Every structure is written in structure tokens, then in C-alpha cells.
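What follows draws every value from the coordinates through simple rules; no lab data is involved. What you are looking at is a predicted structure, and each value in this text was computed from that prediction instead of being measured. No Cβ is skipped: glycine too gets one built from the backbone with ideal geometry, and neighbour counts run over all protein chains shown.
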Amino acid sequence: MPSPRRSIEGRPLGVSASSSSSSPGSPAHGGGGGGSRFEFQSLLTSRATGVDPTCARLRASESPVHRRGSFPLAAAGPSQSPAPPLPEEDRMDLNPSFLGIALRSLLAIDLWLSKKLGVCAGESSSWGSVRPLMKLLEISGHGIPWLLGTLYCLCRSDSWAGREVLMNLLFALLLDLLLVALIKGLVRRRRPAHNQMDMFVTLSVDKYSFPSGHATRAALMSRFILNHLVLAIPLRVLVVLWAFVLGLSRVMLGRHNVTDVAFGFFLGYMQYSIVDYCWLSPHNAPVLFLLWSQR
């Protein structure tokens, strides 16, 4: 019997193309022959061109298309949004400025020293027996006695020179009250914790500590008296000593911190410079003196 004719590939001519395509090794039957054939062809192609397949994959991954931030791929997932920044209160300042460190150190020293010097803050303190004397010294630097005394002397004065000095003293006292109240309202620093609120005639801003009004008034009055009153040397020393002890008593009574008194002395010293620059006289303020002389 004659054998059937075969094709060039070695398959019988009678077998249809559909049967050949549906062979067990074909991709239609789910076999892996097709994928292996394609991988084998790509391997032969890469060997023929002299390119290593591993290098080809690396170059493909390093191409601009596959780099981060380049054109998105269809298979790539959704890009992650950056994490939100932390709020300011949750951040840690790892590199504080020198000014911030100096201010914090000064504040800590101020609070510690003020607490150590507050020996008359209460009756049970170490110097509690001296507290009545310190409170009497406190009244001597209060603004109300100075204002009432200046107004009384101004009413009783009968000379133009005396009125001029007393008029400027009244202007200095009013300027001191205004500036101290303004700074206290802006800064709003609380008084020390060991302070007892038993002060003489307090106002709304007197609950604040910075600066010390007694210290500013002491520096202002002592400089005013030393420049416009003729006093002997012992009296001049007594005026300076009164100003210093008054400022120290504010810390000993627990009314103020050390920096409150120090800034108060500086502010009072500068206030006199303002009063001296704006000195009121019958030449530059004749209306005030005429109104006062008519009274």
C-alpha cells in the first residue's frame, strides 16, 4: 500500500491545519510550549546580536520610561501623596538660636533669684518680722501720695520758679503712670507665685508685674530731686539709698522679679530725660501757667 505523502515539515498532508493547531503542545490547549518557544526565540535573537538578556532587562528598567517621575505606565499603581507636614507645636527645635538660649537661661536665673530673695513674702518667711517695715516703705513709693503731695505744694506755691518745678514734677508723675500702665498691659507678666495681693490701692493693671512702678518712680524722683533741689551731701546719699532700698523691697516682699525692678530703674532714668527734654516753662507753655495762676 502506498504511503501517504508527507510535507516538508514531516507532517501528513491529510491532517488539517485545525488539527495541527489544536495539538496538545499548542497554546490553544493551555500548554506552555508557545511561551517556551517565544522565550527560546528571544534567547536566540539576543545571542545572535551579542546582547546579554540580563543586561537588556537592566537597561530597560533604567530607561526614562521606567524611571520614577517619568511618564506613568498603565500597570503602575496610584502615586502616593506626600505626608502632611507636622504642626509647629509638634516639631522639635534641634538647633535653637543663641538668643533663645540666652533668654531662657536669663528667665530661669531671674525666677530662681527672685524666689531666694523673697524673704518677706509672708509672715512665715525667714524675715517675716520685717514685713511691716517693708510695706511702709512700699507706701513711700506709691504714686498716689506723690501725686497728692505735688498738687498740694503746687496750690501752696507763690513763686514762678517753684510752680515751674512742681508743674514739671506733676508732668513726670503722670508720664510715669501712663508708660508703666501701657507696658504692663502689653507684656502682661504675672506677679511671682509667692506674692500676697495685699498691696496699697491697686488698679486693674497692678495685677501684672513687668515693670515695677515703684522702681520707675524711685529712679525718676531721685534723679529729679538731685537735679532741681539744693541738698547737702548726706541728704543726697539718703535719696539714692531710698531709691535702692525701695527697689530691693519689691523683690523681698515678693511683689516683683529681679528683672522687673532692673527694667523699672532703667525706665525711670530714661523718663527723666524725656521730662528734661520737654521741660515746661512760661515761655513754651504759657497757657498752663496762666490757668494755674488764675486759680
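Ranking ILE225, ALA215, CYS153 by Cα position along the charge dipole of segment 115-257, where only Lys, Arg, Asp and Glu carry charges on their C-beta atoms, puts ALA215 farthest toward the positive end.
Between PHE98 and VAL187, the FRET efficiency from the beta-carbon distance, with R0 = 25 Å, is close to 0.60.
Derived value for segment 156-207: Kirkwood hydrodynamic radius 13.6 Å. Basis is the mean of 1/r over every pair of different alpha-carbon atoms. Seen from ALA285, the other residues with C-beta closer than 13 Å to its C-beta sum to a net charge of 0, counting Lys and Arg as +1 and Asp and Glu as -1.
Rounded to the nearest 20, the size of the Cβ-charge dipole of segment 170-295 about its Cα centre is 300 debye, with Lys and Arg at +1 and Asp and Glu at -1. From the P(r) of segment 181-295, can you give the percent of Cα pairs sitting at distances over 20 Å? Of the Cα pairs, 52 percent sit more than 20 Å apart. If you take all other residues with their beta carbon under 9 Å from the beta carbon of GLY143, and give Lys and Arg +1 and Asp and Glu -1, the sum is 0. Summing charges over neighbours of GLN271, with a neighbour being any other residue whose Cβ is under 12 Å away from its Cβ, gives 0 when K and R count +1 and D and E count -1.
For segment 109-124, backbone phi angles converted through the Karplus equation (6.51, -1.76, 1.60; θ = phi - 60°) give residue-by-residue couplings of 5, 4, 5, 5, 5, 5, 5, 5, 7, x, 7, 10, 5, x, 5, 8 Hz, Gly and Pro being listed as x.
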